[in-house]
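Shown next, in structure tokens, is the structure this report addresses.
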Amino acid sequence: REYENRLRAYSQPEKIFAYFASVKTKNSAGKWEIYMTPIDFVRSMMPGMRQPDGLGLNMYRKMSREDSGNLTFKGVPEDTIFYTLRPDGLVPFTEYMYLSLLLPMSDNYFEIGFRIFDRWGGNTISFKDMVCLLEGIKGHATFKPNNSVNRHFFGKHLADRLSLEKFLNFKQQLMHDVLLIEFNLLHRTDKVTRPNKKDGAKVISEQAFSSLLMSYTGMPLSVKLATMQRIREKYRYSEEGVTLDEFMAFFKFVENIPKIDVALTFHFLAGADISRSTLMHITKIVTGVELSSNIVEIIFNVFDVDNKGYLGRSEFLQAMRHQM
């Protein structure tokens, strides 16, 4: 697991793709091609989630093109971005590069980029403009024109103009779909069973959510083990769990960590620490996101290791910056 976490954090995209991709099939010319499933794509970015046995670097499930087109993926609805881009939902390397680059980038970067490259005043850009924007992020050209993301944005012949609204809607939908698949993966692998809510909504255990939080930190192993023991004891008899809505709200909060950090700077300058109510209040005021008391309680149980009732600025925010 630690090897895979290091690989996610420090390896080149080509190696990450080769390790987490699981499907190998021949194209119409008889040449072998490698694909990620939507679950592979999410797993490649999800610390702590192990690659299944029998899969790994250059280890794939070989199958015909027909069989690969009939694959189904548990926990991946058919209305996700992956099926919008390709009927089979599979992700080749060029799309992996594109999507994994878009996910962590702030909307502000692209809002500014659209304004700079928009020569017509309609908040739209061309395919060539997008290439310049992406090269600005990576520092070199890595995107082949002929991929499904570009065709979705700019049409079959890459001649259409892309509006900022369409782009941001796509990016937001991608984030939603990745988090949904991640939640479903956690639910499926959760070792602690929590009953569904009365409306049938699935939940993951507090232990599973806490483990996810800690996977983003630089905590020493001994501290992680002690923290998980504390979490297990705290929530041993809990039936509440974490809902999908709470999970989504938390990551919307994480997406806005830079804004939260600025607000907390003023808070610390005033000599105050981060209490539960402070975290909830600042989050709501700055981002419009409402963190549930349940999520905030789990955050404090994980990061308030001294049980002081408040968080130091570095304890929590540093871990969340790493997640971004």
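No lab work stands behind these numbers, since they all come straight from the coordinates. None of the values given here were measured: they were computed from a predicted structure. Backbone-built Cβ (ideal geometry, glycine too); neighbour counts: all protein chains shown.
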Quiz item: Roughly how many nanometres apart are two label points built 7 Å out from the Cα toward the Cβ at residue 306 and residue 192?
Solution: 2.6
Self-check item: the range 192-262: GluC sites (Glu not before Pro) in DSSP coil with no more than 11 other Cβ atoms inside 10 Å
Solution: 239
Quiz item: Using the alpha-carbon centroid of each, what span in Å lies between the range 210-260 and the range 41-102?
Solution: 26
Exercise. Starting from 0 in steps of 20 Å, tell me what percent of the Cα-Cα pairs of the chain lands in each bin.
Key: 28, 57, 15, 0
Quiz item: Quick one: length gained pulling residue 146 to residue 58 fully straight, 0.36 nm per residue minus the C-alpha distance?
Solution: 29.2 nm
Exercise. Report, in degrees rounded to the nearest 10, the 0 to 90 angle that the Cα long axis of helix 293-303 makes with the longest principal axis of the chain.
Key: 80
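Can you give the FRET efficiency to the nearest 0.05 for residue 158 and residue 266, using r as the Cβ-Cβ distance and R₀ = 56 Å?
Once rounded, the FRET efficiency stands at 0.75.
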Quiz item: Within the P(r) computed for the range 1-80, what percentage of the Cα pairs occupies the region above 18 Å?
Solution: 43
Quiz item: Out of residues 5 or more away from residue 274 or on other chains, whose amide H comes under 5 Å of its own, with H placed 1.01 Å from N in the peptide plane?
Solution: 311
Quiz item: Which of rounded, prolate, oblate describes the range 70-198, given a ≥ b ≥ c as roots of the alpha-carbon gyration tensor eigenvalues and a/c under 1.5 marking rounded, otherwise prolate only if a/b is larger than b/c?
Solution: prolate
Quiz item: Between Rg and the Kirkwood Rh of the range 193-323, both from Cα atoms, what is the Rg to Rh ratio?
Solution: 0.96
Quiz item: When the helix-only estimate is applied to the chain (DSSP H runs of n ≥ 4, each -39,500 (n - 2.57), divided by the residue count), what is the mean residue ellipticity at 222 nm, nearest 500 deg cm²/dmol?
Solution: -17000 deg cm²/dmol
Quiz item: Going down the list 197/308; 74/171; 197/252; 128/171; 62/191, which pairs span over 27 Å between their C-alpha atoms?
Solution: 197/308; 62/191
Quiz item: Once the dipole of the chain is set up with Lys and Arg at +1 and Asp and Glu at -1 on Cβ about the Cα centre, which of 22, 204, 277 lies farthest towards its positive end?
Solution: 22
Quiz item: List the trypsin sites (Lys or Arg not before Pro) in the range 1-77 that DSSP assigns to loop (not H, G, I, E or B) and whose Cβ has at most 16 other Cβ atoms within 10 Å. Which are they?
Solution: 1, 31, 50, 74
Exercise. Could you tell me how many degrees, from 0 to 90 and to the nearest 10, lie between the Cα long axis of helix 107-117 and the main elongation axis, the longest principal axis, of the Cα atoms of the chain?
Key: 40
Quiz item: Are there chymotrypsin sites (Phe, Trp or Tyr not before Pro) in the range 154-192 that DSSP marks as loop and that have at most 12 other Cβ atoms within 10 Å, and which are they?
Solution: none
